[in-house]
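The values are calculated or read from the model by the stated rules, or taken from the named source; none is laboratory data. Keep in mind that what you see is a predicted model, and the values were worked out from it rather than measured. Heads up, the Cβs are rebuilt from the backbone with ideal geometry, glycines too, and the neighbour counts pull from every protein chain shown. Heavy atoms of the whole protein, side chains included, go into the accessibility calculation; ligands, DNA and RNA do not. Shrake-Rupley method; radii C 1.70, N 1.55, O 1.52, S 1.80 Å.
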Amino acid sequence: MKLFLCSHFSNVGSLIKEELNNKRVAFIPTASLHEGYTGYVRSARKLFKKLGSQITELDISTATYSTTKEVLENSDIIYFTGGNSFFLIDQLRKTGTDKLLKQELAKGKLMIGESAGAIVCAPTITYIEQMDKKPKNYSQEDDAGLNLIDFYVLPHYLTMPYRKASKKITADFSDLNLCPINNHQAIVVDGKDITIVGKE
């Protein structure tokens, strides 16, 4: 399993620039669709192009199953932008993309998850409700995540506008194996090896 989990991809993406050059990237902005601010999507798109990646945009909430399958299979890297974690996990599970994603990751492909894209990798995402509102049309009966990791990424730790919420989450969920990262850090998962890179 190869994962690169971060708060803000355009701040840390150059840390893995060798892995991005000349690679085909499935660029999935689904989490950001109903967010007011989406500057991070534009800046990520820009960075991928600058680092020599070829991107194919894919919105899993509207694409057909066969299109999603084809795009994921034809990509070297699968990238999820930030946005609303509950909307993203709902779409992943509802469309069967969660299973397709796991099949591709089992082949050794790299997944890059930014903010919501990192949060959904955990066993459950209930802990993030202080940061992300659950959409009214949320269709899942539980908050199960993708369960790709056995810890819980807490992005934007002590950074505005999430300073208060991130502090509260660490206090309320002290029993969880939380991994807080700021906007200049990333978590690299390579099999059983887990490393935090970037600036504290």
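Return the residues of region 44-59 that are in a helix (DSSP H, G or I), touching a residue at least 12 places away in the same chain (Cβ under 8 Å) and open to solvent by 40 Å² or more (accessible area, probe 1.4 Å); say none if nothing qualifies.
Scanning region 44-59 gives Arg45, Lys46.
Output the number of residues of region 138-164 satisfying the condition of being in contact (Cβ under 8 Å) with a residue 12 or more places away in the chain and either of a type in the set (Asp, Glu) or surrounded by fewer than 16 Cβ atoms within 10 Å (Cβ to Cβ) (or both).
9
Only one of (1) part of a loop (DSSP other than H, G, I, E, B); (2) among the aromatic types (Phe, Trp, Tyr); (3) buried (at least 16 other Cβ atoms within 10 Å of the Cβ) is not met by Tyr37, so which one is it?
Tallying (1) part of a loop (DSSP other than H, G, I, E, B); (2) among the aromatic types (Phe, Trp, Tyr); (3) buried (at least 16 other Cβ atoms within 10 Å of the Cβ), Tyr37 fails exactly one: (3).
Out of the residues in region 73-89 that are touching a Ser or Thr at 6+ places or on another chain (Cβ under 8 Å) and over 19 Å from Ser7 (Cβ atoms), state the one that is surrounded by the fewest Cβ atoms within 10 Å (Cβ to Cβ).
Once the filter is applied, the top-ranked residue is Asn74.
Out of the residues in region 99-127 that are among the charged types (D, E, K, R) and either more than 17 Å from Arg24 (Cα to Cα) or modelled with pLDDT under 95 (or both), state the one that is nearest to the chain's Cα centre (by Cα).
Among them, the one singled out is Glu114.
Taking Glu19, is it open to solvent by 10 Å² or more (accessible area, probe 1.4 Å) and not polar (S, T, N, Q)?
Values: open to solvent by 10 Å² or more (accessible area, probe 1.4 Å): yes; not polar (S, T, N, Q): yes.
Spelling it out, Glu19 is indeed open to solvent by 10 Å² or more (accessible area, probe 1.4 Å) and not polar (S, T, N, Q).
Answer yes or no: is there a residue in region 60-70 that is in contact with an Asp or Glu (Cβ under 9 Å, 6 or more places away or on another chain), part of a helix (DSSP H, G or I) and either of a type in the set (Lys, Arg) or open to solvent by less than 80 Å² (accessible area, probe 1.4 Å) (or both).
The answer is no; no qualifying residue exists.
If Gly96 passes every condition in (1) surrounded by fewer than 22 Cβ atoms within 10 Å (Cβ to Cβ); (2) within 15 Å of the chain's Cα centre (by Cα); (3) at positive phi but one, which one does it miss?
(2)
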